[in-house]
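Each remark here refers to the structure printed beneath this line.
Please treat every number below as a calculation from the coordinates, not as lab data. Since the model is a prediction, treat every value here as computed from it, not as a measurement. Here Cβ is always computed from backbone atoms with ideal geometry, including for glycine, and neighbour counts include all displayed protein chains.
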Amino acid sequence: MSLEGRKALVTGGAAGIGAAIARGLAEKGAHVVVADLDGDAAEKLASEINGSAWAVDLLDTTPLETLRLDCDVLVNNAGIQKVAPIEEFDPEAFRRIQRLMVEAPFLLVRAALPHMYETGWGRVVNLSSAHGLRASAFKSAYVTAKHALEGLSKVTALEGAPHGVTSNCINPGYVRTALVEAQIKDQAATHGIPESEVLEKVMLTEMAIKRLVEPREVASLACWLASDDAAMVTGASYTMDGGWSAR
């Protein structure tokens, strides 16, 4: 599973799942570009793993339209969340989530494919979610974005196949990250329950294994999908949701 000589780009790479994936890819020998809105955090992690940092606001998509990337592995991980009923959901917040989690991945894939096609090898790993396959109330923007990412991933798989490029989704349940922890207050208010009950009564209710997914577990799967061992895996969606989608 060596990635020696490969260059990887991980968005939202300075913390949480992205940081775990960046570290994992670096351990496999890849030169990792840590792309994050927090430039200082990206620089810090990049220095730890002998990689590079890219301070970038992926909500500003216009510059991405002319971007060209020379990465061999592209990990679309950056994401945000908002929890609210549809009738109360701020339209601009809905648009922001689509821009960051659908439009930006499309533009990054578009920027990376020419290099991958030229070299005859490439891996696109999209961090989807159990919400890319299932819906939950009060998450209209996030569920919409993740379902769209699933479609983009499959089209990339079909177009990339003749060129040695694979594209797959990872679909975790709730992962132990700051993004999930930040939801607890909103979920408590929306469901009318104490914050202490959110994990048990909201987040883990559909998961047969009653715990959060660890970032390192997601990173392990991402590293495998980026390797030569996964050359015949494309257009797939790999659940890591403790049995949520088995229902």
Yeah, the stretch 25-67 with a ≥ b ≥ c from its alpha-carbon gyration tensor (a/c under 1.5 is rounded, else prolate when a/b outruns b/c, oblate otherwise) is oblate
Divide by every residue of the chain the summed helix terms, -39500 (n - 2.57) for each DSSP H run of at least 4, and state the resulting mean residue ellipticity at 222 nm, rounded to the nearest 500 deg cm²/dmol.
-12000 deg cm²/dmol
Report the charge-dipole magnitude of the stretch 150-247 in Debye, nearest 20, computed about the Cα centre from +1 at each Lys and Arg Cβ and -1 at each Asp and Glu Cβ.
140 debye
Counting only C-alpha contacts under 8 Å and six or more residues apart, can you give the relative contact order of the chain as a whole percent?
21 percent
To test your reading of the geometry: what angle, between 0 and 90 degrees and rounded to tens, separates the Cα axis of helix 39-48 from the longest principal axis of the chain?
60 degrees
For the stretch 80-139, what D do you get in µm² per second when you plug the Kirkwood radius from alpha-carbon pairs into Stokes-Einstein at 4 °C and 1.567 mPa s?
94 µm²/s
Using the count of nearby Cβ atoms within 10 Å as a rough guide to exposure, how do Leu100, Leu225, Leu179, Leu204 rank from fewest to most?
Leu179, Leu204, Leu100, Leu225
Fewest first, what order do Thr62, Thr144 take by the number of other Cβ atoms within 10 Å?
Thr62, Thr144
Rounded to the nearest 20 Debye, what is the dipole magnitude of the chain about its Cα centre when Lys and Arg each give +1 and Asp and Glu each give -1 at the C-beta?
480 debye
Taking the Cα centre of the stretch 1-92 as origin, work out the dipole magnitude from +1 charges on Lys and Arg Cβ and -1 charges on Asp and Glu Cβ, in debye rounded to 20.
560 debye
How many lysine pairs in the chain, separated by 8 or more positions in sequence or lying on different chains, have Cα atoms less than 22 Å apart?
14
Taking neighbour Cβ counts within 10 Å as the exposure measure, how do Met116, Met232 sort from fewest upward?
Met232, Met116
Work out from phi, with θ = phi - 60° and the Karplus expression 6.51 cos²θ - 1.76 cosθ + 1.60, the ³J(HN,Hα) of each residue of the stretch 144-154, listed in order in whole Hz, and give x for Gly and Pro.
4, 5, 5, 5, 5, 4, 4, x, 4, 4, 5
